[in-house]
Amino acid sequence: MGLIACEGSKDFLTGQPAEINKCQDDHIFPKSIYSEKYDNLVDSILNRTLISQTTNRCKSNKLPADFLNDCLAKHGVNEEQLLETLASHFID
């Protein structure tokens, strides 16, 4: 999590720099959906990132593909910008 904060993580929806002191630890692949099948992996640090409370409410328990479509729309359907935002969370 420290590396994500130092990388200058950006908000998934807006692409703007995240306010780290207002971020929450969140599951990329929602625990509520994936815990039954992937219980031993869902709490892995590789499935965690920092996310703003507002974005977390929008994300809720959506599948990652559905949430990424929302993020792409909020980035003006600019895939390059979205990939830059994801890279700030070490997601390629």
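If you take every residue apart from I4 with its C-beta less than 15 Å away from the C-beta of I4, what net charge results, scoring Lys and Arg +1 and Asp and Glu -1?
Here the charged neighbours net out to -4.
What is the sum of charges around H27, taking Lys and Arg as +1, Asp and Glu as -1, for the other residues whose C-beta is under 12 Å from the C-beta of H27?
Net charge around H27: +1.
Given the chain, what count of lysine pairs have C-alpha atoms under 17 Å apart, with each pair 8 or more places apart or on different chains?
Total qualifying Lys-Lys pairs in the chain comes to 9.
Please give the length that would be gained between F29 and A87 if that part of the chain were fully extended, namely 0.36 nm times their separation in residues minus their C-alpha to C-alpha distance (nm, one decimal). Each step should come with its number before you reach the end.
On the way: separation 58, 0.36 × 58 = 20.88 nm, distance 1.65 nm.
Using 0.36 nm per residue and subtracting the Cα-Cα distance, I get 19.2 nm.
By how many degrees, between 0 and 90 and to the nearest 10, does the Cα long axis of helix 64-74 differ from the longest principal axis of the chain?
Here the helix axis deviates by roughly 10 degrees.
Mind jotting down a quarter of the surface of the convex hull over the alpha carbons of the stretch 1-44, in square nanometres, one decimal?
Average of the hull's projected areas for the stretch 1-44 equals 3.7 nm².
Only helical DSSP H runs with n ≥ 4 go in: add -39500 (n - 2.57) per run for the chain, normalise by residue count and round the 222 nm mean residue ellipticity to 500 deg cm²/dmol.
Result for the chain, helices only: -11000 deg cm²/dmol.
Take the alpha-carbon positions of the stretch 2-85, form their convex hull, and give its projected area averaged over all directions (one quarter of the hull surface) in nm².
With every direction weighted equally, the projected area is 5.3 nm².
Taking the Cα centre of each part, how many Å lie between the stretch 70-92 and the stretch 41-67?
The stretch 70-92 and the stretch 41-67 have Cα centres separated by 14 Å.
Residues with amide H under 5 Å of F12's amide H, sequence separation 5 or more or different chain, H placed in the peptide plane at 1.01 Å from N; which?
S52
Report the full-extension gain for the segment C58 to L3: residue separation times 0.36 nm, less the Cα-Cα distance, to one decimal in nm.
My answer for the length gained is 17.4 nm.
FYI, it's all coordinate maths here, none of it is from the lab. What you see is a predicted model, and the numbers here were worked out from it, not measured in a lab. Counting neighbours? That spans all protein chains shown, and the Cβs are built from the backbone with ideal geometry, glycine included.
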